[in-house]
Amino acid sequence: MKTAVAVVPRDPIKCFGEFINPDTFPAWVPNLRRVRVIAKDAAGRPLEIHFEYGASRTYSLKYDYNDETREVRWQPQANKRDAVAGFARFDADESGGTKITYGLKYEGGPTELSEVDALLAAFATYMQRVR
């Protein structure tokens with residue numbers, strides 16, 4: 001699994017909430033064509049999401065949340081060959097912002113660190129625009 005770290009000058013709770021909100025995905029996930037929530041938990045958070053990504057990748061991911069540590073993990077559910085596994089953790093940073101640790105692994109092959117960096121950078125840029 002490849003990981004990347006970024007510090008965003010926003011509150012950890014806000015960052016966590018935006019990251020797990022599938023309505024925000026099209027605003028920051030490059031090459032995302034479509035996202036559809038298949039199942040939600042009692043708090044309304046997605047438990048399974050179907051993705052259409054890039055030219056032809058389609059897969060669904062199952063999500064698990066740890067509110068105490070502000071961490072979310074995901075595992076492939078359907079079409080595992082095209083899917084990704086990973087996690088994101090949102091820690092308070094000494095600067096007053098959020099330290100985001102993001103890890104990603106493609107089930108079908110190696111993950112390029114540049115892809116992990118690009119996704120994290122896109123989220124950080126998105127967070128700077130969000131109120």
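The values are calculated or read from the model by the stated rules, or taken from the named source; none is laboratory data. Just so it is clear, the structure is predicted and the values come from calculations on it, not from any experiment. Glycine gets a Cβ as well: all are built from the backbone with ideal geometry, and neighbour counts include every protein chain shown. Ligands, DNA and RNA are stripped out before the accessible areas are found, and what is left, the full protein with its side chains, is counted by its heavy atoms. Shrake-Rupley method; radii C 1.70, N 1.55, O 1.52, S 1.80 Å.
Would you confirm, using the coordinates I've provided, whether Asn31 is in contact with a Ser or Thr (Cβ under 8 Å, 6 or more places away or on another chain) and on the phi > 0 side of the Ramachandran plot? No.
Of all residues in region 5-27, those being within 12 Å of Ile100 (Cβ to Cβ), in contact with a Leu (Cβ under 9 Å, 6 or more places away or on another chain) and not small (Gly, Ala, Ser) number 1. Of everything in region 54-69 that is of a type in the set (D, E, K, R) and in a strand (DSSP E or B), the residue that is most open to solvent (accessible area, probe 1.4 Å) is Lys62.
Kindly indicate the residue of region 70-96 that is closer than 21 Å to Ala124 by Cβ and out of contact with any Asp or Glu (no Cβ under 8 Å at 6 or more places or on another chain) and also surrounded by the most Cβ atoms within 10 Å (Cβ to Cβ) among those meeting that condition. Restricting to residues being closer than 21 Å to Ala124 by Cβ and out of contact with any Asp or Glu (no Cβ under 8 Å at 6 or more places or on another chain), the top hit is Gly86. Figure legend. Inter-residue proximity from region 64-89: first residues at negative phi, second residues acidic (Asp, Glu) and assigned to a strand (DSSP E or B), beta-carbon distance below 6 Å, spacing 6+ or different chains. Indicated pairs: Arg73/Asp64; Gln77/Glu48; Arg89/Glu71. Scanning region 70-105 for residues that are outside any strand (DSSP E or B) and under 15 Å from the mean Cα position of the chain (by Cα) returns Arg70, Ala83.
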